[in-house]
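Inspection log for the structure reproduced underneath, given as structure tokens.
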Amino acid sequence: QPAEWSEAFDAIAAKLDGVDGQKIGALVGDTVDCESTLALKDLMAGLGSPNTDCRQDGAAVDPKVRASYLFNTTIAGIEEADAILLIGTNPRKEAPILNARIRKRFVAGGVKIGVIGDGADLTYDYDHISDTADAVAKIADGSHPFAQVLKDAERPMLVLGMGALTRADSDAILGAGYAIAESTGMVSGDWNGFNVLHTAAARVGALDVGFVPGEGGKDTQGILDGAASGDIQAVYLLGADEIDTAKLTDAFVIYQGHHGDAGAHVADVILPGAAYTEKNATYVNTEGRAQLGQRAIFPPGDAREDWSIIRALSERLGKTLPYDSLEQVREKLRKISPDFTHVDEVVTAEWEKFGGAGSIDATRFTYPVANYYQTDPISRSSKTMAQCTQDFVMGKTEKVTGTHG
């Protein structure tokens, strides 16, 4: 039902009245700006909730060690590498511009590329080490010949994709990645060859802000399971659509977003926010480079900039946030992390130990991009991308089915 802002806020206030903070959870989606993420983090803290997470896919990165979740080499730095190991990633689908840099380096010559994962067409030649993840451990302990290739290189690098970091054994894979970097001299002087390739535009910024579980808090899966069991009574979804929404049936769900995607369909209250083209906002790319998006058009109808929605709601809930303007929010961002101070620059992350130990399963990776043309609420709402899906994805499926029919 259509409602005024005051009615929506009153409904939320009524539902949250008397609810213990431990029974409230919040998830941030893949396209959310840093200002809004900070505002929601502060609101959850005010409500006494430690149940916050930005890793909808459960990615096993260490939020306390920035180097564990950055593309430390930088995209331009790829051109200096003389050995590259790709683990659980298809950069041609996940990051085409980055993949073009790898191809440029390949064409220039003098680089050896190894792949652990599916043997996809990446537009350049490579040594297909293995289809299964256990080969990562063999590189780490030096028993596979490609380990020597990395050791002999002057500037070796590796790339861990989300296919490698969203498994049950991902903490062990992350730890093996750290071990490879250490044993092959991948980090020295001004060179850091350890890299994580994110597929979520909001992920690095949200990790920098610290939108992860607090002390004793639940992560994404914990929040969803808690909502299904009744341990979590209210869930705030800030542009969070890439989750199992079926588990939210019994919880009170607040959805804030701009395209009415999966999260909106299970929501009790919907707060219309602004898309990235409709607001001035900060994002941090996979390198850790803070970048500013500038408003090209105003949000339609009653939609508002997301941080301001959360600020207004906080006042209604009696937990008023300590900022009244975008600049004041950004001032706090700059206090949290130095990368927000250096816009358009990469702030080098300190190299510290991260990752866990344990066995790595001899199983194939599951890659994050199933349909290249529709990966987020905006592309799923696009007629053009729907047509591309029909012609290039469904069309291929129909041809295969017909051939084997």
Antiparallel content of DSSP bridges confined to the chain, in %, to 5: 20 percent
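Per the Cauchy relation, a quarter of the hull surface: what is the mean projected area of the convex hull of the alpha carbons in segment 286-354, in nm²?
Average projection, Cα convex hull of segment 286-354: 7.2 nm².
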Calculated [θ] (222 nm, deg cm²/dmol) that DSSP helices of n ≥ 4 give over the chain, each run adding -39,500 (n - 2.57): -9500 deg cm²/dmol
Relative contact order (percent, whole number), segment 240-285, Cα cutoff 8 Å, 6+ residue spacing: 33 percent
Backbone N under 17 Å from the residue 352 label point (7 Å along Cα→Cβ), restricted to segment 34-66: 61-66
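Using DSSP to call loops (not H, G, I, E or B), can you name the GluC sites (Glu not before Pro) in segment 177-246 whose Cβ has at most 11 other Cβ atoms within 10 angstrom? Kindly include the intermediate steps, with their values, before the conclusion.
Working: sites: 182, 215, 242; in loops: 215, 242.
In loop regions of segment 177-246 (DSSP not H, G, I, E or B), the sparsely surrounded GluC sites (Glu not before Pro) are 215.
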Å² of accessible area per residue within segment 248-299, as computed with a 1.4 Å probe and no ligands counted: 43 Å²
Entry for Cα extents along the principal axes in Å (calculated from the structure that is shown) out of (1) 64, 57, 43; (2) 111, 62, 31; (3) 95, 49, 41: (1)
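Within segment 143-285, what percent of beta bridges assigned by DSSP are antiparallel, to the nearest 5?
Details: 2 of 14 bridges.
Among the beta bridges of segment 143-285, antiparallel pairing accounts for roughly 15 percent.
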Nearest-0.05 FRET efficiency for residue 151 and residue 229, computed from C-beta distance (R0 51 Å): 0.55
Whole-number D in µm²/s for segment 10-100 (Stokes-Einstein; Kirkwood sum over Cα pairs; 10 °C, 1.306 mPa s): 95 µm²/s
Relative contact order of segment 245-336, pairs being alpha-carbon contacts under 8 Å that are 6 or more residues apart, as %: 18 percent
Qualifying GluC sites (Glu not before Pro) in segment 1-59, DSSP loop, other Cβ atoms within 10 Å at most 16: 4
Isotropic mean projected area of the C-alpha convex hull, segment 329-374 (nm²): 7.2 nm²
Reciprocal of mean inverse Cα separation for segment 144-273 (Kirkwood radius, Å): 17.6 Å
Charge dipole (the chain, unit charges on Cβ, about Cα centre) - positive-most of 292, 102, 234: 102
The chain - percent relative contact order, Cα under 8 Å, separation 6 or more: 24 percent
For a label point 7 Å along the Cα-to-beta-carbon line of residue 378, residues of segment 243-258 with backbone N under 15 Å: 257-258
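With charges set only on the Cβ (+1 for Lys and Arg, -1 for Asp and Glu), what does the dipole of segment 215-343 come to about its Cα centre, in debye to the nearest 20? Before the final figure, lay out each step's value.
Values: 13 positive and 20 negative charges, 111 e Å.
Dipole of segment 215-343, to the nearest 20 debye: 540 debye.
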GNM top mover of 81, 168, 140 - the chain, alpha-carbon springs below 10 Å: 168
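Given segment 156-228, what whole percent of its Cα pairs are spread farther than 16 Å?
64 percent
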Selection from 314, 368, 275, by position along the positive dipole direction of segment 245-376 (Cβ): 314
Computed lengthening from residue 168 to residue 342, 0.36 nm per intervening residue step minus Cα-Cα distance: 59.1 nm
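The values are calculated or read from the model by the stated rules, or taken from the named source; none is laboratory data. Given the structure is predicted, the values throughout are model-derived calculations rather than measurements. Neighbour counts run over all protein chains shown; Cβ positions are idealised from the backbone, glycine included. We work out accessible area using only protein heavy atoms, side chains counted, and drop any ligands, DNA or RNA first. Shrake-Rupley method; radii C 1.70, N 1.55, O 1.52, S 1.80 Å.
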